[in-house]
Each structure stands twice: as C-alpha cells, then as structure tokens.
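**Q** Before we start, here is the structure in question, set down as structure tokens.
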Amino acid sequence: MPQKFPYEDIVNLPRPISKKHPEPTMLERAARFAPFAAITDYEEMVLEEARVTEERITLDENALNLLNEKLYILQKFPDQMPTLKVTYFEPDKKKSGGAYVTYKGTVKRVESYQKLLVMNDGKKIPFEDICTLESELFYTLGLED
C-alpha cells in the first residue's frame with residue numbers, strides 16, 4: 001500500500017479569506033517578512049573600521065626651523081596679515097591618526113602664548129599641527145623658491 005502524504009487532505013483547499021480583515025497588499029506582506037537587523041549599527045561599525053586614517057608626520061629640524069621662521073615673520077608684521085595656504089594635521093575624533101588638510105585663508109593674528117594661528121573666519125590652527133605654510137609674503141622675503 002502506498003504511503004500517504006501527511007497533509008494530503010488540506011493541500012489543495014483554497015486559502016481562507018477573512019471577512020473582518022482586508023487582504024494585505026504585496027508591499028505590506030513583504031514588510032512582514034523583511035530581514036531583521038539583529039545587530040544594530042553593525043554596518044556603520046564595519047565602515048568606520050575600514051576608514052583609513054593617516055599618521056602624523058614628524059618634521060625634521062630644517063622644516064621646523066623654516067616653519068618657526070615663517071610664524072615669527074607673521075608675528076613681526078601684524079599689519080600685513082597675508083593670505084596663507086596652511087597644510088596641517090587634523091586628528092581623527094573616533095580613532096588614532098587623522099588627515100592632512102590644506103586650508104586657504106587670511107591670517108587675523110598669531111597667538112604665540114596659546115600657540116595658535118587664528119584666521120579671519122575664526123578658524124584656529126595649533127602650531128604643533130602645522131606642516132607647511134605658503135604665502136606670497138614668504139616668496140618676497142626669499143624664504144621659499
């Protein structure tokens with residue numbers, strides 16, 4: 001005798017239709033079976049971990065001397081606050097390392113006590129983060145080629 005399929009008696013019956021609840025649309029049905037995110041923010045964590053940061057470069061003695069001389073000149077001529085192109089290290093807020101940023105603007109003042117370069121738009125750049133300073137003023141004084 002052939003074996004019977006366990007649900008043979010109900011397999012071909014029509015699906016019951018509720019008189020109280022309307023049939024859901026395909027979108028509503030799909031939403032019910034959408035994937036469940038068991039680990040929240042996992043994708044953001046993976047992207048953050050994959051993000052590359054740069055390490056801070058240690059300037060040699062010659063580069064430091066040149067940078068100090070340029071900062072001194074900016075202090076010495078406060079009335080000639082020129083437009084500068086500053087490349088500086090900006091530490092990352094979430095992980096070790098950071099990025100080198102090039103900023104162009106006009107100097108407002110040099111705060112030697114707080115060791116800050118203050119720009120006209122309010123941007124403050126710590127001396128220790130500055131990598132290079134470029135300006136027409138330095139070219140005219142012969143500090144740059």
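The values are calculated or read from the model by the stated rules, or taken from the named source; none is laboratory data. Computed from a predicted structure; not experimentally measured. As a convention, Cβ positions derive from the backbone with ideal geometry for all residues, glycine included, and neighbour counts pool all protein chains shown. Quick note on the areas: whole protein, heavy atoms, side chains included, nothing else; ligands and nucleic acids left out. Shrake-Rupley method; radii C 1.70, N 1.55, O 1.52, S 1.80 Å.
**Q** Of everything in segment 18-50, what is of a type in the set (A, V, I, L, M, F, W, C), in a helix (DSSP H, G or I) and over 20 Å from residue 92 (Cα atoms)? Give them in sequence order. Please lay out each step first, then the result.
**A** Going residue by residue through segment 18-50, those that are of a type in the set (A, V, I, L, M, F, W, C) are 26-27, 30-31, 33-34, 36-39, 45-47, 50.
Now narrow it down to the ones that are in a helix (DSSP H, G or I): 26-27, 30-31, 45-47, 50.
Answer for segment 18-50, where residues must be of a type in the set (A, V, I, L, M, F, W, C), in a helix (DSSP H, G or I) and over 20 Å from residue 92 (Cα atoms): 26, 27, 30, 31.
**Q** While we're looking at this one, here's another question. Just one of 79, 60 is acidic (Asp, Glu), open to solvent by 70 Å² or more (accessible area, probe 1.4 Å) and within 20 Å of residue 139 (Cβ to Cβ); which is it? So that I can check it myself, show each step before the final result.
**A** Working: 60 fails: within 20 Å of residue 139 (Cβ to Cβ).
Residue meeting the stated conditions: 79.
**Q** Related question: Condition first: among the polar types (S, T, N, Q) and either under 21 Å from residue 99 (Cβ atoms) or within 24 Å of the chain's Cα centre (by Cα) (or both). Now tell me which residues in segment 24-41 satisfy that. Walk me through how you get there before you give the answer.
**A** Taking segment 24-41 and keeping what is among the polar types (S, T, N, Q), we get 25, 40.
Result: 40, single match.
**Q** With respect to residue 101, determine if the residue is aliphatic (A, V, I, L, M), on the phi < 0 side of the Ramachandran plot and in contact with a helix residue (DSSP H, G or I) (Cβ under 6 Å, 6 or more places away or on another chain). Steps first, answer last, please.
**A** Working: aliphatic (A, V, I, L, M): yes; on the phi < 0 side of the Ramachandran plot: yes; in contact with a helix residue (DSSP H, G or I) (Cβ under 6 Å, 6 or more places away or on another chain): no.
Against the criterion (aliphatic (A, V, I, L, M), on the phi < 0 side of the Ramachandran plot and in contact with a helix residue (DSSP H, G or I) (Cβ under 6 Å, 6 or more places away or on another chain)), residue 101 does not qualify.
**Q** Out of (1) surrounded by 12 or more Cβ atoms within 10 Å (Cβ to Cβ); (2) farther than 16 Å from residue 128 by Cα, the odd one out for residue 89 is which?
**A** Against the list (1) surrounded by 12 or more Cβ atoms within 10 Å (Cβ to Cβ); (2) farther than 16 Å from residue 128 by Cα, residue 89 comes up short only on (2).
**Q** List pairs: first in segment 15-28 and loosely packed, with under 10 Cβ neighbours inside 10 Å, second charged (D, E, K, R) and in a loop (DSSP other than H, G, I, E, B), Cβ under 9 Å, 6+ apart or cross-chain?
**A** Hits for this filter: 17/23.
**Q** Among the numbered criteria (1) of a type in the set (A, V, I, L, M, F, W, C); (2) closer than 15 Å to residue 89 by Cβ; (3) touching a strand residue (DSSP E or B) at 6+ places or on another chain (Cβ under 9 Å), which single criterion is violated by residue 64?
**A** Status for residue 64: all satisfied but (3).
**Q** Moving to a separate point now. Out of 69, 44, 61, 55, I need the residue that is at pLDDT 80 or above, within 21 Å of the chain's Cα centre (by Cα), under 18 Å from residue 132 (Cβ atoms) and among the acidic types (Asp, Glu). Which one? Can you show your working first?
**A** Numbers: 69 fails: within 21 Å of the chain's Cα centre (by Cα); 44 fails: under 18 Å from residue 132 (Cβ atoms); 61 fails: within 21 Å of the chain's Cα centre (by Cα).
Of the residues listed, the single one that is at pLDDT 80 or above, within 21 Å of the chain's Cα centre (by Cα), under 18 Å from residue 132 (Cβ atoms) and among the acidic types (Asp, Glu) is 55.
**Q** Could you tell me how many of the residues in segment 77-104 are at pLDDT below 90 and either under 15 Å from residue 118 (Cα atoms) or in contact with a strand residue (DSSP E or B) (Cβ under 8 Å, 6 or more places away or on another chain) (or both)? Before you say what the answer is, go through the steps one by one.
**A** If we filter segment 77-104 for residues that are at pLDDT below 90, which is where we start, we get 77-84, 91-99.
From what's left, either under 15 Å from residue 118 (Cα atoms) or in contact with a strand residue (DSSP E or B) (Cβ under 8 Å, 6 or more places away or on another chain) (or both): 77-84, 91-92, 97-99.
Of the residues in segment 77-104, 13 are at pLDDT below 90 and either under 15 Å from residue 118 (Cα atoms) or in contact with a strand residue (DSSP E or B) (Cβ under 8 Å, 6 or more places away or on another chain) (or both).
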